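These notes are about the structure you will find just below.
The values are calculated or read from the model by the stated rules, or taken from the named source; none is laboratory data. Fair warning: this is a prediction, and the values are worked out from it, not measured in the lab. FYI the Cβ positions are ideal-geometry reconstructions off the backbone, even for glycines, and counts take in every protein chain you see.
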Amino acid sequence: MDIDIIDEDENPMLHRTDVTFEVVHEDATPERLQVRDSLAATLDKAAEEVVVRKLDTKFGMRKTVGRAKVYDAAGHATDVEQDHMLERNSIGETEEA
């Protein structure tokens, strides 16, 4: 799975960067957590600081375009993001258990 960053927009008020990216994959569309981990590695960030908002794959294509929000710290993500997005990205689950 190869990830290319298409666009980055700084959002200093919310301590994050909005990222648009493209994933080229061989098989089916990768799972959200796989994309999150690969994107975090590409951006040299911790996985808890990356929230993948959307993945869009056109039928029959091996290319997925996605949007993510990359926070300066995991605490900023939990302060700003909606609960269902935190759950989808497995952020903050270890704190509750």
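So that you can scan it fast, the table gives a plain yes or no per residue for (1) free of Cβ contacts under 8 Å to residues at least 60 places away in the same chain; (2) surrounded by 15 or more Cβ atoms within 10 Å (Cβ to Cβ); (3) in a strand (DSSP E or B):
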residue	(1), (2), (3)
Asp9	yes, no, yes
Met13	yes, no, no
Val23	yes, yes, yes
Pro30	yes, yes, no
Ser38	yes, yes, no
Arg53	yes, yes, yes
Gly60	yes, no, no
Arg67	yes, yes, yes
Thr78	yes, yes, no
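Taking the criterion of being modelled with pLDDT under 95 and of a type in the set (Gly, Ala, Ser), would at least one residue in region 23-33 satisfy it?
yes
With respect to Lys54, is the statement that it is over 19 Å from Gly92 (Cβ atoms), out of contact with any Phe, Trp or Tyr (no Cβ under 8 Å at 6 or more places or on another chain) and at pLDDT below 95 true?
Here the answer is no, as Lys54 does not meet what is asked.
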